[in-house]
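Following: one structure in structure tokens, then a few remarks.
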Amino acid sequence: MLNRVAALLKNSHKKTVIMGVINVTPDSFSDGGLCVDKYSALDRAMRMADEGADVIDIGGESTRPGSAPVELKEELRRTIPAIEAISRKVQIPISIDTYKAEVARQAINAGACIINDISGLRFDPAMKNVAASSKAYLIIMHIKGSPRDMQADPHYDALVPEITDYLRHGISMAAEAGVDENKIMLDPGIGFGKTLDHNLEILNRLDEFRQIGRPLVAGVSRKSFIGKLLDNAPAGQRIEGTAAAVAVSIMKGADVVRVHDVKEMAKIARVVDAIKNS
């Protein structure tokens, strides 16, 4: 599957990579409780693959604003059986959404080939070593604070430069541990320690992060900033806003879009890719 990821990223300027989100959690902000075991996760993954997902992203801990950490044992119980089941039946790459090195290690052994770390290697010092030894692809994301406190009045003196510095330092940390820089992707962390205005500015200036030289991941799907713009619409009623944000993300240079509504967003991406490449 590593070669499959390489091919997807190599071609991402022509076809945006669609990463389908599956949270095996009871409390994620959008799809919590929908996948409660490996069977429901597998069913959802198979459906996403049919709808156009290029990658499946599995998470076992909610990182919504205000959420509390999940114990290692519980996160492993939620994610590893799901990854094992999906990897046997669905022939597309699997990403593990975790900041815990042990979860990442066991997920790779179970069939994942991408580590999606919301902390950008900051929460668990061992994560960079797991990424290096496993030769997995790595998504380094920016976050300000932790999920529990990240939305408590986040402040930046210079938004894009500060996020850029954080991401560059993450690349350096990974490279020093032996991670192949060609296997690193970057995510500016929309919604993770950002106000509405911060999120809008990041989207409007997303192309500036391309100067770092690594593929960009945009995670805008059903985020609260969209709800705020749509008269406080709940997560399940943000599909049109998500479509707009996904379209802007692609036009501004995103290589990968992380989405819940795969069928709809794959169609959006197809049209925007055609316009961008015309």
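Values as computed for the structure displayed
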read-out	value
Among (1) in contact with a Gly (Cβ under 6 Å, 6 or more places away or on another chain); (2) surrounded by 24 or more Cβ atoms within 10 Å (Cβ to Cβ), the one test that Ser95 misses	(1)
Any hit, the stretch 133-148, residues being at pLDDT below 95, surrounded by fewer than 24 Cβ atoms within 10 Å (Cβ to Cβ), hydroxyl-bearing (Ser, Thr, Tyr) and not in a helix (DSSP H, G or I)	yes
Residues located in the stretch 149-172, provided they are in a loop (DSSP other than H, G, I, E, B) and exposed (fewer than 14 other Cβ atoms within 10 Å of the Cβ)	Asp149, Ala152, Asp153, His155, Asp157, Ala158
Members of the stretch 222-238 found to be surrounded by fewer than 17 Cβ atoms within 10 Å (Cβ to Cβ), touching a residue at least 40 places away in the same chain (Cβ under 8 Å) and among the charged types (D, E, K, R), listed by number	none
Cβ pairs under 9 Å, 6+ apart, first in the stretch 33-47 and outside any helix (DSSP H, G or I) and of a type outside the set (Ser, Thr, Tyr), second surrounded by 21 or more Cβ atoms within 10 Å (Cβ to Cβ) and at pLDDT below 90	Gly33/Thr25; Leu34/Ser28; Cys35/Thr25; Val36/Thr25
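Per-residue answers, yes or no, for (1) part of a loop (DSSP other than H, G, I, E, B); (2) under 17 Å from the mean Cα position of the chain (by Cα); (3) surrounded by fewer than 14 Cβ atoms within 10 Å (Cβ to Cβ); (4) not polar (S, T, N, Q):
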position: Ala174; (1), (2), (3), (4): no, no, no, yes
position: Asn182; (1), (2), (3), (4): no, no, yes, no
position: Gly189; (1), (2), (3), (4): yes, yes, no, yes
position: Glu201; (1), (2), (3), (4): no, no, no, yes
position: Asp207; (1), (2), (3), (4): no, no, yes, yes
position: Val220; (1), (2), (3), (4): yes, yes, no, yes
position: Glu240; (1), (2), (3), (4): no, no, yes, yes
position: Ala243; (1), (2), (3), (4): no, yes, no, yes
position: Ala254; (1), (2), (3), (4): yes, yes, no, yes
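Residue-wise test of (1) within 24 Å of Pro215 (Cβ to Cβ); (2) touching a Phe, Trp or Tyr at 6+ places or on another chain (Cβ under 7 Å).
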{"residue": "Ile18", "(1), (2)": "yes, no"}
{"residue": "Pro26", "(1), (2)": "no, no"}
{"residue": "Lys38", "(1), (2)": "no, no"}
{"residue": "Asp50", "(1), (2)": "no, no"}
{"residue": "Ile56", "(1), (2)": "yes, no"}
{"residue": "Glu61", "(1), (2)": "no, no"}
{"residue": "Arg64", "(1), (2)": "no, yes"}
{"residue": "Ser87", "(1), (2)": "yes, no"}
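The values are calculated or read from the model by the stated rules, or taken from the named source; none is laboratory data. Model, not experiment: these values are computed from the prediction. Quick reminder, even Gly has a Cβ in these numbers, built from the backbone with ideal geometry, and neighbours come from all protein chains shown.
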